[in-house]
Amino acid sequence: MKRDLDLIRLLLLEIEKREEAFSSEDLTVNGYDSKQISYHIGLLRDAKFLDVSSEKQLPNGFKTYTIWAITFSGHDYLDAVRQSKIWQLVKDTAKQAGASLTVELAKGLAVQIASQLLGLAA
């Protein structure tokens, strides 16, 4: 399965709304199925963007997790890519350059674009 940075952003936005720990099975994102969500929760855990526990193997081969919170690193990434306008500019910039987006590149571009929009860029 391919990593989808749009889904990662949407998951972080959804998780941020939650006040208490919850099961990843309770997450839904329009246009994405439970296998995609499960896979990307695992990626967010691996990137240390989420504090998760209680992995449970499902019959479909994917896992379910108890999600406790977004980590400091996860919040930093989300804050960089939160605004839809900035996120779209990040994707457009990468596409125009013919570059694949990594999490680090997406965050860096988002910070650079936000700085430019705020008149802070040199």
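The values are calculated or read from the model by the stated rules, or taken from the named source; none is laboratory data. All of these numbers come straight from a predicted model, not from anything done at the bench. Don't worry about glycine lacking a Cβ; one is built from the backbone with ideal geometry, like all the others, and counts go over all protein chains shown.
Name every residue in the range 24-81 that is of a type in the set (V, I, T) and touching a Ser or Thr at 6+ places or on another chain (Cβ under 9 Å), in order of residue number. Working first, answer last.
Step one: of the range 24-81, the residues of a type in the set (V, I, T) are 28-29, 37, 41, 52, 64, 66-67, 70-71, 81.
Hits for the range 24-81 are T28, I37, I41, V52, T64, T66, I67.
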Just to be sure, is D79 out of contact with any His (no Cβ under 6 Å at 6 or more places or on another chain), within 16 Å of D4 (Cα to Cα) and among the charged types (D, E, K, R)? no
Residue by residue through the range 14-36, note down the ones that are surrounded by 13 or more Cβ atoms within 10 Å (Cβ to Cβ) and either in contact with a helix residue (DSSP H, G or I) (Cβ under 7 Å, 6 or more places away or on another chain) or not in a helix (DSSP H, G or I) (or both). E16, R18, A21, F22, S24, L27, V29, Y32, Q36
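Could you pull out the residue among N30, N60 that is modelled with pLDDT of 90 or more, of a type outside the set (D, E) and closer than 22 Å to K2 by Cβ? Spell out how you get there, then give the answer.
Details: N60 fails: modelled with pLDDT of 90 or more.
Selected residue: N30, the only one of N30, N60 that is modelled with pLDDT of 90 or more, of a type outside the set (D, E) and closer than 22 Å to K2 by Cβ.
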Only residues in the range 75-94 that are among the polar types (S, T, N, Q) count as the first member; pair them with residues that are surrounded by 15 or more Cβ atoms within 10 Å (Cβ to Cβ), Cβ under 6 angstrom, at least 6 apart or cross-chain, and list the lot. T93/L109
When S54 is run through (1) farther than 27 Å from A114 by Cα; (2) of a type in the set (G, A, S); (3) in the same structural domain as A110 (by TED's automatic domain parsing), the failure sits at (3)
Tell me which residues, restricted to the range 1-54, are of a type in the set (S, T, Y) and over 19 Å from H75 (Cα atoms). S23, T28, Y32, S34, S38, Y39, S54
